[in-house]
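The values are calculated or read from the model by the stated rules, or taken from the named source; none is laboratory data. Here the structure is a predicted model, which means the values were calculated and not measured. All Cβ positions, even for glycine, are placed from backbone atoms using ideal geometry, and neighbour counts span all protein chains on display.
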Amino acid sequence: MKKVFFKTFGCRTNVFDSQVMMSRLEGYEITQDEAAADVVVVNSCTVTNGADSSVRGYVNQLHSKGNAKILLTGCGAHTKGESLLNDRKVFGVFGQSEKEKINTLLAAKQPFYELGDLDFIDNNIVDDFVGKSRAFIKIQEGCDFRCSYCIIPLVRGDARSINEETILIQIRNLAANGFGEFVLTGTNVGSYGKGEGRNIASLMKKIALIRGVRRIRLGSIEPIQIDDEFKEILSEPWLEQHLHIALQHTSKEMLRIMNRRNKFESDRLLFQELSEKGFALGTDFIVGHPGESDVLWREAMENIETLPLTHIHAFTYSKRDGTPSALMKSSINGMLSKARMQELTAIVDAKNIAFRQQYKGALEVLIESCKEGLYYGLDQHFNKIVVRSNEELEGNWIQVKDYTVEREYNYAEF
């Protein structure tokens, strides 16, 4: 039986798509050993030129070894797939809508290029997640936002929602198979149900009623998507006490340049309200986007200081061809961007430590992995915890009351 290795780049939506392909395999064996694979399926990311370069570099490395047939899918199939196919670096290219045909594509005798369409609705049901302790559930696809720096709407399409019953069936099956934590993901999860009389809060209430569901996490959500109905579920015990709310910047002028919909003053009030309810709060932040002058950077950091942040997903701006930002002339020096990134992360890291020191309650932890007698997991605030124990804890839920706060994680003996 031929062996297939799946290499997944990028977001949680790609993680789900890879699991869909794995769940549909027939006549092939999934391997975690790339060197042993007869076929490598590269599920690519194209969010930046840098992401494209990483995928291309990986494909070139595989191709130079010459040991496996290479298939390319994911967002990068739309931007770099044709050139990689023409250069004979990959055997075939297929879009996200074609992943259900994985067995046919793997068996192809001739090179192929099948992008499919950007209007498809993913109704695949995944009953297991290979190598995962929590389940990633795709609830929507595409995005209606048109941020200046982002190519994703062009490769994922406009926002559209997966059928509610399909989502619920999938979670029932996964819960019956032992999964207790579910991460709702998509290109823009907060847009779920838009134009259909549904929303993400009502979906989460229905998920929470399923037997076996213990904790629900969200992917990144936009500030304007946390409406009054969403606020009604903030006290529910099944909702993780951490929200990742995409700001991208905190300077008024930079938000305008980025064509963002959020406004800092309303963002600040929202963060304060959520913090008072005990939530840990994370955000995305783009450093060094064109137009980010010294004055605007200082404004942004002064604003960051006022926010009750605990987590940051910060990255330096990387030009993405085909976006409005790529045409902007006022670029920022790479060394300056790196220095600004360090300043930003230092501020939020200090806030995270302060949050963990101030919190006096028990930690609800799903243990995800083990290495050399140490167990690793995430608590309800999305903070890492390291646990030393002689018991077999991997895959289990534990409650930790006594622990010490280290610089990058909490530590406990159990």
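Tabulated data for the structure shown
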| item | result |
| --- | --- |
| Hey, ILE102 among the β-branched types (Val, Ile, Thr) and either under 26 Å from PRO237 (Cα atoms) or without any contact (Cβ under 8 Å) to a residue 60 or more places away in the chain (or both) or not | no |
| Residue that is outside the structural domain of LEU154 (by TED's automatic domain parsing), in contact with an Asp or Glu (Cβ under 7 Å, 6 or more places away or on another chain) and among the hydrophobic types (A, V, I, L, M, F, W, C), where the choices are ALA68, ALA36 | ALA68 |
| Residue check, LYS319 assigned by TED's automatic domain parsing to the domain that holds CYS147, in contact with a helix residue (DSSP H, G or I) (Cβ under 8 Å, 6 or more places away or on another chain) and among the basic types (Lys, Arg) | yes |
| Qualifying residues in the range 231-250 (those that are part of a loop (DSSP other than H, G, I, E, B) and of a type in the set (S, T, N, Q)) - the one farthest from the chain's Cα centre (by Cα) | SER235 |
| Flag if ILE286 is of a type in the set (A, V, I, L, M) and either outside any loop (DSSP other than H, G, I, E, B) or not assigned by TED's automatic domain parsing to the domain that holds ARG146 (or both) | yes |
| Residue in the range 81-99 that is polar (S, T, N, Q), in a strand (DSSP E or B) and not assigned by TED's automatic domain parsing to the domain that holds ARG146 present | no |
| Test for ASP122: is it modelled with pLDDT under 90 and either out of contact with any helix residue (DSSP H, G or I) (no Cβ under 9 Å at 6 or more places or on another chain) or not assigned by TED's automatic domain parsing to the domain that holds THR185 (or both) | yes |
| Members of the range 66-121 that are farther than 19 Å from ARG160 by Cβ and among the charged types (D, E, K, R) | LYS69, LYS80, GLU82, ASP87, ARG88, LYS89, LYS101, LYS109, GLU114 |
| Residues (over 21 Å from PHE136 (Cβ atoms), in contact (Cβ under 8 Å) with a residue 12 or more places away in the chain and within 21 Å of the chain's Cα centre (by Cα)) located in the range 1-53 | THR48, ASN49, GLY50, ASP52 |
| Qualifying residue in the range 251-272 (condition: crowded, with 20+ Cβ neighbours inside 10 Å, within 18 Å of the chain's Cα centre (by Cα) and either without any contact (Cβ under 8 Å) to a residue 60 or more places away in the chain or in a strand (DSSP E or B) (or both)) | no |
| Output for the range 13-27, where each listed residue is crowded, with 19+ Cβ neighbours inside 10 Å and either of a type outside the set (A, V, I, L, M, F, W, C) or not assigned by TED's automatic domain parsing to the domain that holds GLY74 (or both) | THR13, ASN14, ASP17, SER18, GLN19 |
| Looking only at the range 196-230, and only at residues there that are among the acidic types (Asp, Glu) and in a loop (DSSP other than H, G, I, E, B), the one that is modelled with the lowest pLDDT | GLU196 |
| Wholly within the range 344-402, strands (runs of 3 or more DSSP E) carrying at least 1 residues that are under 19 Å from TRP238 (Cα atoms) and among the β-branched types (Val, Ile, Thr) | 363-371, 397-400 |
| Only one of GLU82, GLU100 that is more than 25 Å from LYS138 (Cα to Cα) and either at pLDDT below 95 or surrounded by 15 or more Cβ atoms within 10 Å (Cβ to Cβ) (or both) | GLU82 |
